[in-house]
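Encoded as structure tokens, the structure appears first; notes follow it.
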Amino acid sequence: PAKEGHTFLGWYLDSDYKTPIVGNVPKKLRFTLYAKWEVNSYTIRFHTNGGNEIPNQAYLFGAAISAPPAPTKEGNTFQGWYEDENLSKSFTFTTMPAKDLDLYAKWGKESYTITFDSKGGSEVSPITAEYGAPIAAPANPVKTGYEFAGWYLDEAYTTHFTFATMPLNGATLYAKWDKASFKLIYHSNGGTEIPESVHLFGDAISEPSAPSKEGYEFAGWYTDASLTTAFVFSTMPAHDVNLYAKWTPKTYTITFDSQGGSLVEPISAGYGTAIQLPTPEKAGHVFVGWFLDENYTQSFTSATMPLGGAHLYAKWVLEPNSITFVTGFEDLTVSPLEAYPGEPITLPTPQYMGYEFAGWFLEETFATEFTAQVMPEENITLYAKWTPQLVTYTVLHYAEDPEIEGMFAEIKTEVKQAYTGTTVQAVLLTAGLTEITDHPNRVVSGTVKGDGSLMLYVYYSRNTYTITVYGDGGIDDEGSEVVIISAKYGSTITSPVFTKKGYRFTGWSTGFPETMPYYDLAISAYWEAVNVNYK
């Protein structure tokens, strides 16, 4: 027979299992046999999946079983025993089943944290991850004046930490810093060059030898080009520093020898600063300028103090006489003529459109002509005399258009001549016209200009005239024997049509005009009798 968890040991004649059936078969026909069983022992094998080893345990079938002490595994938390390697079916310890068991440990990874001590640098947030999970280095912290040199596991910076996976129990990391180097850059502003220097942050720095600049005293180094903030050499700041040299001009003096002129006081000023050279006076002379030598070979005109100052000599010339010219026209000027008395001179010959120059005179009345070829002993004024020339001017005549109200048409252009400066008057046209005296563009008189630009404008209205037309026995469509046509001079007109029974129209007593003439007119119709046959 079979029995779960047991091994069959044979049949017995008694329930105490003292008499086996083998060799003891009873002689009676009916008997009862008792099966003897032995409880089987089974083994539980523990697979710790990397944890510490757990010994196998043996139990009799049906015996109460309990879990062994939990295994341990570095960086992991034990989460129980499972019946399959895939860890999908957990095992509960109750009683021993009728089979050997293989149990598998399930593990959950523990989370750890890496904290950062930036040692005075910017704060770095902690990193939390499961043991062995990939981790990446955070953004480097920053610290003024230093360069970041990596993360270390100890404050002595002996063990560098490499970011790969989360270590067991996490870590506290310490930032290592190296001093950064920065430059002092010197701008000598025209002085001798000072090479730039490199220093570590916080290191002591000292001022270099002062630069030199001709004409100036060195006044220190400044951190701005406008030279408002002086730089103190103490320790190196955490940045490159541009330094600008400040210079103070040296003071020099200019002395003056006026060579017989008025006394001139010396001038003292800083090199390169603005100076105003004085102008001495000397009777009967004109000051020419200052010179660096008594032979007047090298002129001095500087507006700033020169290096080392100077000693200057005044140069003089005799004062010349002058001739002033008056042309008589506001828009024509002639520059004065200067020369020393007795020196040769050439008088100018001005020109002015519309006039012919007739010489220079000592009076405005042109009584005495000046023809000398040397400068006189005194200053004089000369007056130009002019002879007007014959030039043209234009007169334009405009009359109102007889057909269009408010329109004007040019009816005559006159180009005339007169002498420059003459006042002229337009001659009015009279035949059929009356001048419009209040026209805004009217210009009927003016002064003739030398360039011929004078234009006179005359505007006229046209007079109204009448033509009386006699039918001489004939009548028009309205039955009138006389037709009166009234219109402005120059207007288009049409002759009336007369009829006369028994007569044929043969023409007019005078030619019938197409436009209104500049006079009144009477015209008669002419007729010729025609033959009429009567029945």
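The values are calculated or read from the model by the stated rules, or taken from the named source; none is laboratory data. Keep in mind it's a predicted model, so treat the numbers as computed, not measured. Please note: Cβ atoms are built from the backbone with ideal geometry, for glycine as well, and neighbour counts cover all protein chains shown. Areas reflect the complete protein model, heavy atoms only, side chains present, ligands, DNA and RNA absent. Shrake-Rupley method; radii C 1.70, N 1.55, O 1.52, S 1.80 Å.
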| request: Identify, among V124, A210, T228, the residue whose Cα sits farthest towards the positive end of the charge dipole of the chain, taking +1 on the Cβ of Lys and Arg and -1 on the Cβ of Asp and Glu, with the dipole about the Cα centre. | output: V124
| query | From Cα coordinates alone, what are the radius of gyration and Dmax values for region 333-383 in angstrom? | reply | 11.7, 35
| query | Rg (Å, one decimal) plus Dmax (Å, integer) for the alpha carbons of region 149-303? | reply | 30.8, 110
| Which percentage, to the nearest 5, of the DSSP beta bridges contained in region 396-535 is antiparallel? | 75 percent
| note | With every protein chain kept in place and a 1.4 Å probe, the residues Y271, Y42, Y460 fall, from largest accessible area down, as Y271, Y42, Y460
| task | Work the Kirkwood hydrodynamic radius out for the chain: mean of 1/r over every pair of different alpha-carbon atoms, inverted, in Å. | result | 43.1 Å
| task | Quick one: check the C-alpha center-to-center distance for region 404-467 versus region 89-160, whole angstrom. | result | 114 Å
| message | What value in Å³ per residue do you get for the convex hull of the alpha-carbon atoms in region 110-161? | response | 86 Å³
| remark: Filtered hits (aspartates and glutamates, Cα-Cα < 20 Å from K385, offset >= 8 within chain) -> E330, D331, E356, E363, E364, E369, D451
| Size descriptor, Kirkwood hydrodynamic radius, that averages inverse alpha-carbon separations across region 61-136, Å | 15.8 Å
| query | Using heavy-atom solvent-accessible surface (probe 1.4 Å) with all chains present, what is the largest-first order of M407, M353? | reply | M353, M407
| said: Restricting to DSSP loop positions (anything but H, G, I, E, B) with no more than 15 other Cβ atoms inside 10 Å of their own Cβ, which GluC sites (Glu not before Pro) remain in region 322-426? | reply: E330, E363, E364, E377, E378, E403, E405
| field | Relative compactness, region 445-535, computed as alpha-carbon Rg over 2.2 N^0.38 Å | value | 1.80
| task | Take every DSSP beta bridge with both residues inside the chain and express the antiparallel ones as a percent of the total, to the nearest 5. | result | 75 percent
| remark: Computed D for region 116-207, Stokes-Einstein, Kirkwood radius over alpha-carbon pairs, 25 °C, 0.890 mPa s, to the nearest µm² per second, is 154 µm²/s
| query | Are there GluC sites (Glu not before Pro) in region 88-159 that DSSP puts in a loop and that have at most 14 other Cβ atoms within 10 Å, and which ones? | reply | E123, E155
| message | Assuming 0.36 nm per residue, please report the length gained on full extension of the stretch H439 to S453 beyond their Cα-Cα distance. | response | 2.9 nm
| What whole-number value in Å² describes the accessible area per residue of region 37-120 for a 1.4 Å probe? | 55 Å²
| request: Please give the per residue accessible area of region 208-355, computed with a probe of 1.4 Å over protein heavy atoms only, in Å². | output: 57 Å²
| task | Express the relative contact order of region 61-167 as a whole percentage, based on alpha carbon pairs under 8 Å and six or more residues apart in sequence. | result | 21 percent
| said: Given an 8 Å cut-off on Cα distances and at least 6 residues of separation, report the relative contact order of region 183-333 as a percent. | reply: 19 percent
| field | Filter on K143/K183; K183/K250; K73/K99; K143/K246; K36/K99; K183/K246 - keep pairs with C-alpha separation over 26 Å | value | K183/K250; K73/K99; K143/K246
| query | Hey, what did the chain get for relative contact order, percent, Cα under 8 Å, at least 6 apart? | reply | 6 percent
| request: Alpha carbons only, please: Rg and Dmax for region 289-375, in angstrom. | output: 20.7, 63
| note | For the chain, the percent of accessible surface on carbon and sulfur atoms (probe 1.4 angstrom, ligands and nucleic acids excluded) is 49 percent
| field | region 466-535: GluC sites (Glu not before Pro) in DSSP coil with no more than 12 other Cβ atoms inside 10 Å | value | E478, E514
| request: Could you tell me the accessible area of F291 in Å² (1.4 Å probe, neighbours in place), rounded to the nearest ten? | output: 20 Å²
| query | Taking the Cα centre of region 369-426 as the origin, how large is its charge dipole in debye, to the nearest 20, when only Lys and Arg (+1) and Asp and Glu (-1) carry charge on their Cβ atoms? | reply | 320 debye
| remark: Per residue, accessible area of region 394-491 with a 1.4 Å probe, heavy atoms of protein chains only, in Å², comes to 55 Å²
| message | For region 212-295, take every pair of Cα atoms, bin their distances at 5 Å starting from 0, and report each bin as a whole percent. | response | 3, 11, 15, 14, 11, 9, 8, 7, 7, 6, 4, 3, 2, 1, 0
| request: Using only C-alpha atoms and all pairs of different ones, pull out the Kirkwood radius for region 5-62 in Å with one decimal. | output: 14.6 Å
| field | Percentage, to the nearest whole number, of Cα pairs in region 48-177 over 27 Å apart | value | 44 percent
| Relative to the Cα centre, what is the charge dipole magnitude of the chain, using +1 at the beta carbon of each Lys and Arg, -1 at the beta carbon of each Asp and Glu, and rounding to the nearest 20 debye? | 4360 debye
| remark: Percent of all Cα-Cα pairs per 5 Å bin for region 382-431, counting from 0 up to the last occupied bin, reads 5, 15, 18, 16, 13, 10, 8, 6, 4, 3, 1, 1, 0
